[in-house]
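The values are calculated or read from the model by the stated rules, or taken from the named source; none is laboratory data. These numbers come from a predicted model, not from an experiment. Cβ placement follows ideal geometry from the backbone for every residue including glycine, while neighbour counts extend to all protein chains displayed. Please note that ligands, DNA and RNA were not included when accessible areas were found on the heavy atoms of the full protein model with its side chains. Shrake-Rupley method; radii C 1.70, N 1.55, O 1.52, S 1.80 Å.
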Amino acid sequence: MDSLDKNLVPSAVETKHPALIHEVKSAIRHDMVMEKLKADFGDEIEAKYGKDFFTLL
């Protein structure tokens, strides 16, 4: 789903649970690394693994 979908109601979750905080931080770190790899090696990755590689992650 697109986060800019006008049919969605914005919401947030607040927590101090260490496991959930760790998972969110890991997901953000993963996204940052993937964006850097896409910027640096996107053409090579697409040639080897196909056009849909980054959408599958």
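Among the residues of segment 34-57, count how many are among the hydrophobic types (A, V, I, L, M, F, W, C) and out of contact with any helix residue (DSSP H, G or I) (no Cβ under 8 Å at 6 or more places or on another chain). Talk me through it step by step, then tell me what you get.
Here is the first cut: in segment 34-57, the residues among the hydrophobic types (A, V, I, L, M, F, W, C) are 34, 37, 39, 41, 45, 47, 53-54, 56-57.
If we keep only those that are out of contact with any helix residue (DSSP H, G or I) (no Cβ under 8 Å at 6 or more places or on another chain) too, we end up with 39, 41, 47, 56.
Matching residues across segment 34-57 total 4.
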Taking segment 5-32 as the region of interest, how many residues are open to solvent by less than 100 Å² (accessible area, probe 1.4 Å), charged (D, E, K, R) and within 11 Å of the chain's Cα centre (by Cα)? 1
